[in-house]
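Asks: Have a look at this one.
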Amino acid sequence: MRVLVCVKRVPAPGAKINITADGLAIDTAYLAFTTSPHEECAVEEAVRLVEQHGGEATVLTLGPAEADEQLRYAASLGVAKAVLLPIVGADWDPQRTAAAIATAIAELESADGPFDIILFGNESADSGGFQVGVRVARSLGRPIVNGIKGIEVVGDGTVRARRESEVGLEVYALPTPVVLGVKEGINLPRYPTLKGRLGSKKIEVGQIVPDVAAGGQRMVTLLPAAEQVGATTILGHGPDAAAAVVDLLEELGVL
Amino acid sequence: MSILVVVEHDRGTVAPATFEALTAARSLGEPVHAITLGASADGLVDQLAAHGAAVVVQAHHDLLADYGPEAWGDTVAQYVGHTSPSAVIATGTDRGNEVLAHVGAILDLPFVANCLSFDTAGAFDTAGAADPWQITRVRWGGSLLEQCELSATTKLVTMTHHAVEATESPGIASTESFAPSLEPWHGRSVVVDRVERAAGVTLATAPVVVGGGRGVGSPEAFAPLEDLASLLGGVVGCSRAVTNNGWRNHTDQVGQTGTRIAPDIYLACGISGAIQHWVGAMASKKILAINTDPEANMVAKADYAVIGDLHQVVPAIAAEIRRRRNA
Ligand SMILES: Cc1cc2nc3c(=O)[nH]c(=O)nc-3n(C[C@H](O)[C@H](O)[C@H](O)COP(=O)(O)OP(=O)(O)OC[C@H]3O[C@@H](n4cnc5c(N)ncnc54)[C@H](O)[C@@H]3O)c2cc1C
Ligand SMILES: Nc1ncnc2c1ncn2[C@@H]1O[C@H](COP(=O)(O)O)[C@@H](O)[C@H]1O
């Protein structure tokens, strides 16, 4: 089984997001970077699929040269191959990102054969466009369902996928080759082993330079979200505060 | 020109966010058409008319008997192809975003998800693009906003839930039937089975949530939080640090990639208040932080705080509740 997983490098802000002076990016001077949580789970799922069914997993990202870090992190968990679609400067819009990824997948598949399963995150953590995976699947002519919290390969080229809805669970039975948008909670991602980390330093990261036109959505500026600021009432210190807390609960009518 | 609203429903039960989309659509001053997918939604006409739909388009096909992103996407895209509305507005939910992503992909149109508001005056003048919209949308699950410009002949947008308050605009809608041409392959991504959840209080709907973070320290140490939650008729939630450690199931996680909660009160115990956790908790009516660190972001943002060790404070609250009940 050949599995591809697409991830995006994003900053990992803590208590507050600061915007750069030009308004076009998050100030990352003091921030670490990570992979979106949904995609961390997609990487874990890719590794598990290969552990269960054999084959090989590949990770792909479109981003700055530094996104090498996220590719190697995936490799440290058991992904065998990594591909970088290098871009310079600001993030690409979703249409452009999807077109570049679809073109790269076609190139990878013409060299090594089709991917049975391609995994995306449900949405990227930063821009949250909810669409790159769908656009890629459509241009490859493959089925896609988003929000997936369970994947089971049932043989005869069918994948059963589960997603949560307002009322419970929905089940889909999809033919391979298939594309799935995964949500956090589908699994608990593992941590890299020392051996994995050492191995990931040695893999060769393939490069496909993307060349596609911009789409119809252009970022103008980032704005801070409205903050709910107000003074905090300190009800007390330690267990002695219990009476004040219960007074409050009574006042709010939740007791 | 018209505005098309995609009605989100599940086997005929309409999603309330649809009325927000209709309200947003009305503000554009063009006739609003609402499209329902599948015969199970035929009964929604009156509700849609009450919220301002002038025309209800009822798409009928065997493959629309249940939800399927490809069948829904192609149906909407075909109708857009026939009628060229100036915009398509859908709900900023799992389904709404998914369907419009398909429409965008099929028609090769840009799609802007989770909008808060839009300015259609074409304030920006980009070469080659007719009347771009200036849109404010949410990023980072709501921790950050973005202004962007959308240039397209038909604008595809979803409204983030609660961005506009749904209001009625009573009227009478005409109905129109639409038969999309769907192929058997569209059926490959239609729901094949469902498992309904047992009724009961869920994290998303609980009136009280007792949340635990890394400060709780272990899976066992959640027992006093469970006890307090059950005394208050609530449920336990947690931070991602907790789920990442495998202490609790992801279904308990509050935040950007977890559940959005909106209880009467959220008791956040040993949670630092990272922005991705905060966006899931900020709709709580009141927040009480219990933290050893008076400088923690959660303490700064909360309405109330107790500074102290949650392992002492939480059992003391439970004991005080029992004491008063027995008094
Ligand atoms: C893209 C992205 C998405 C994310 N999505 C989510 C999400 O959905 N939900 C989420 O929660 N996080 C999410 N995170 C992670 C988030 O950034 C934080 O890492 C996480 O919320 C921290 O959890 P915590 O507050 O429990 O732990 P910490 O930040 O380690 O805080 C622990 C707190 O406990 C206090 N404490 C310690 N001991 C005690 C004690 N005995 N008594 C009282 N207080 C004590 C400390 O003072 C501290 O404030 C996301 C991150 C990213 C990058
Ligand atoms: N720059 C990128 N490189 C690789 N994959 C991406 C990129 N941007 C988005 N994706 C994938 O597409 C999914 C949906 O992204 P989005 O449409 O931005 O919400 C993400 O969860 C990723 O799996």
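The values are calculated or read from the model by the stated rules, or taken from the named source; none is laboratory data. Treat the numbers as computed from the prediction; the structure is a model and nothing was measured. All Cβ positions, even for glycine, are placed from backbone atoms using ideal geometry, and neighbour counts span all protein chains on display.
Asks: Having 2 or more residues that are of a type in the set (Ser, Thr, Tyr), within 7 Å of another protein chain (Cβ to nearest Cβ) and in contact (Cβ under 8 Å) with a residue 12 or more places away in the chain is the bar; report the helices (runs of 4 or more DSSP H) wholly within the stretch B:270-327 that clear it. Full working, then the answer.
Replies: Values: elements: B:275-281, B:297-301, B:310-326.
In the stretch B:270-327, there are no helices (runs of 4 or more DSSP H) which contain 2 or more residues that are of a type in the set (Ser, Thr, Tyr), within 7 Å of another protein chain (Cβ to nearest Cβ) and in contact (Cβ under 8 Å) with a residue 12 or more places away in the chain.
Asks: Looking at this structure, is residue B:149 among the charged types (D, E, K, R) and farther than 26 Å from residue A:224 by Cβ?
Replies: Here the answer is no, as residue B:149 does not meet what is asked.
Asks: Please specify each residue of the stretch A:59-74 satisfying the condition of being touching a residue at least 60 places away in the same chain (Cβ under 8 Å) and not aliphatic (A, V, I, L, M). Lay out the reasoning, then the answer.
Replies: In the first step, residues of the stretch A:59-74 are kept if they are touching a residue at least 60 places away in the same chain (Cβ under 8 Å); the result is A:62, A:68-74.
Those that are touching a residue at least 60 places away in the same chain (Cβ under 8 Å) and not aliphatic (A, V, I, L, M): A:68, A:69, A:70, A:72, A:73.
Asks: Here is a further query. Within 26 Å of residue B:241 (Cβ to Cβ) and either modelled with pLDDT of 95 or more or within 13 Å of ligand 2 (Cβ to nearest atom) (or both), is that true of residue A:51? Working first, answer last.
Replies: Details: within 26 Å of residue B:241 (Cβ to Cβ): no; either modelled with pLDDT of 95 or more or within 13 Å of ligand 2 (Cβ to nearest atom) (or both): yes.
Taking the combined requirement at face value, the residue does not satisfy it.
Asks: When the stretch A:134-161 is examined, which residues are found to be farther than 20 Å from residue A:108 by Cβ, within 9 Å of chain B (Cβ to nearest Cβ) and more than 18 Å from the chain's Cα centre (by Cα)?
Replies: The one that is farther than 20 Å from residue A:108 by Cβ, within 9 Å of chain B (Cβ to nearest Cβ) and more than 18 Å from the chain's Cα centre (by Cα): A:160.
Asks: Now, a different point. Checking residue B:256 against (1) within 16 Å of ligand 2 (Cβ to nearest atom); (2) at pLDDT below 95: exactly one of these is not met. Which one?
Replies: Tallying (1) within 16 Å of ligand 2 (Cβ to nearest atom); (2) at pLDDT below 95, residue B:256 fails exactly one: (2).
Asks: Same structure again: What are the residues in the stretch A:199-250 that are more than 10 Å from chain B (Cβ to nearest Cβ) and among the charged types (D, E, K, R), if any?
Replies: Selection gives A:201, A:202, A:204, A:211.
Asks: Looking at the stretch B:251-284, which of its residues are more than 18 Å from the chain's Cα centre (by Cα) and more than 8 Å from ligand 1 (Cβ to nearest atom)?
Replies: B:264, B:265, B:266, B:267, B:268
Listed here are the residues, each with its yes/no results for (1) in a strand (DSSP E or B); (2) within 14 Å of chain B (Cβ to nearest Cβ); (3) basic (Lys, Arg).
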| position | (1), (2), (3) |
| --- | --- |
| A:11 | yes, yes, no |
| A:17 | no, yes, no |
| A:28 | no, yes, no |
| A:38 | no, yes, no |
| A:41 | no, yes, no |
| A:44 | no, yes, no |
| A:51 | no, no, no |
| A:62 | yes, no, no |
| A:67 | no, no, no |
